[in-house]
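What follows is a short report on a single structure.
The values are calculated or read from the model by the stated rules, or taken from the named source; none is laboratory data. All values derive from a computational prediction rather than experimental measurement. Virtual Cβ from ideal backbone geometry, glycine too; neighbours counted across all protein chains shown.
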Amino acid sequence: MVNTADNHVSATIPIVAGPPQFLAFAPDGRTLYVSIFNDQRTIHSIEVLDTGSNSVVATIPQTARPYLPAVTPDGTRLYVPNHDVAEVSVIDTATNAVIAQIGVAPNPHWVDFSPDGSHAYTANHESNLISVIDTTTLSVLNTIPVGMSPHSVAVNPHRPLVANVNYDSASVSIIDTITQKVIATIPVGQNPQDIAWAPDGRFAYVVNQGSHTVSIIDSITNRVTTTIPTGAGPTSIALVPNSRQAYVSNLDSKTLTVLDLAR
């Protein structure tokens, strides 16, 4: 855990179930969900952490490797993309019970929600597709072709746009959620792995693992305006709520890069 006021590590939480992979916070910040899996594919679960006590309070078994989960905006459901079985698990956050399995295109990596929670979008890495899920009926409404190996997906907080990074084509696809079609394909650095929108929805921040950079995209022009160097092998980015600060995790250098987005 990192204290964002002074950027020092404030706590280290042991995860005994296996190697931690991806994180998702509940909207109120009180609960953290951690996906767990190993290279041998013998371990696959979600660990539930209490951020007040910095302790593991529950384990939710999964049937396959869980990639990046996401909590619905109202905090009542956790969606978990299970990479190896082409399914998304839907978990009741009050009981930690799996209440549904939604079939999607093969190898789902990432999930994000529309601001009202009515739709979920999954990036399906080996399928070159984005799946659109109706969160009321728990069914797939549409699949949208994008670039090669869509790794992550992010919904714009204010405009009807979804952005996804295409790991093997070094690009970002911008999707109009009304027409459900790609309206722009934007070249970025090599092996883009994660993307996040600014709170006002104007700029998108893309982590390029192969280039060791962050690309900043202006959503008005759909062009890269700035490229910022990071540590080695950046894999993910998180923007601090109500702040102009972002953190980039650098896998190969085992560091965090702190970005001042106000500059």
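Each row is one residue, and each column tells you yes or no for (1) within 29 Å of residue 137 (Cβ to Cβ); (2) among the hydroxyl-bearing types (Ser, Thr, Tyr).
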| residue | (1), (2) |
| --- | --- |
| 2 | no, no |
| 14 | no, no |
| 17 | no, no |
| 20 | no, no |
| 25 | yes, no |
| 42 | no, yes |
| 71 | yes, no |
| 87 | yes, no |
| 94 | yes, no |
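Could you tell me whether the range 178-193 includes any residue that is among the β-branched types (Val, Ile, Thr), in contact with a Phe, Trp or Tyr (Cβ under 9 Å, 6 or more places away or on another chain) and at pLDDT 95 or above?
The answer is no, given that none of the residues of the range 178-193 is among the β-branched types (Val, Ile, Thr), in contact with a Phe, Trp or Tyr (Cβ under 9 Å, 6 or more places away or on another chain) and at pLDDT 95 or above.
Quick one: is residue 18 in contact with a strand residue (DSSP E or B) (Cβ under 8 Å, 6 or more places away or on another chain), at pLDDT below 95 and either of a type in the set (D, E, K, R) or in a loop (DSSP other than H, G, I, E, B) (or both)?
yes
Out of the range 124-136, which residues are more than 12 Å from residue 87 (Cα to Cα) and either in a strand (DSSP E or B) or in contact (Cβ under 8 Å) with a residue 60 or more places away in the chain (or both)?
129, 130, 132, 134, 135
Could you tell me whether any residue of the range 22-31 is surrounded by 14 or more Cβ atoms within 10 Å (Cβ to Cβ) and over 17 Å from the mean Cα position of the chain (by Cα)?
no
Before we move on, is residue 6 at pLDDT 95 or above and either of a type outside the set (Lys, Arg) or under 21 Å from the mean Cα position of the chain (by Cα) (or both)?
The answer is no for residue 6.
For the range 150-180, which positions are in a loop (DSSP other than H, G, I, E, B) and of a type outside the set (D, E, K, R)?
Listed by number, the residues that qualify are 156, 157, 158, 160, 167, 169, 170, 177, 178, 179, 180.
How many residues are hydroxyl-bearing (Ser, Thr, Tyr) and either without any contact (Cβ under 8 Å) to a residue 24 or more places away in the chain or part of a loop (DSSP other than H, G, I, E, B) (or both) if we restrict to the range 71-93?
3
May I ask you to list the residues in the range 94-113 that are surrounded by 14 or more Cβ atoms within 10 Å (Cβ to Cβ), in a strand (DSSP E or B) and over 17 Å from the mean Cα position of the chain (by Cα)?
98, 100, 101, 102
How about the range 34-49: which of its residues are loosely packed, with under 14 Cβ neighbours inside 10 Å and in contact (Cβ under 8 Å) with a residue 12 or more places away in the chain?
Passing the criteria: 38, 41.
Would you check if residue 229 is over 19 Å from the mean Cα position of the chain (by Cα), of a type outside the set (Phe, Trp, Tyr) and under 27 Å from residue 5 (Cβ atoms)?
The answer is yes for residue 229.
Results for (1) buried (at least 21 other Cβ atoms within 10 Å of the Cβ); (2) under 18 Å from the mean Cα position of the chain (by Cα), shown as yes or no for each residue.
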{"position": "137", "(1), (2)": "no, no"}
{"position": "159", "(1), (2)": "no, no"}
{"position": "167", "(1), (2)": "yes, yes"}
{"position": "192", "(1), (2)": "yes, yes"}
{"position": "199", "(1), (2)": "no, yes"}
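Of all the strands (runs of 3 or more DSSP E) wholly in the range 206-263, which have at least 1 residues that are surrounded by fewer than 19 Cβ atoms within 10 Å (Cβ to Cβ), charged (D, E, K, R) and free of Cβ contacts under 8 Å to residues at least 60 places away in the same chain?
213-218, 223-229, 255-260
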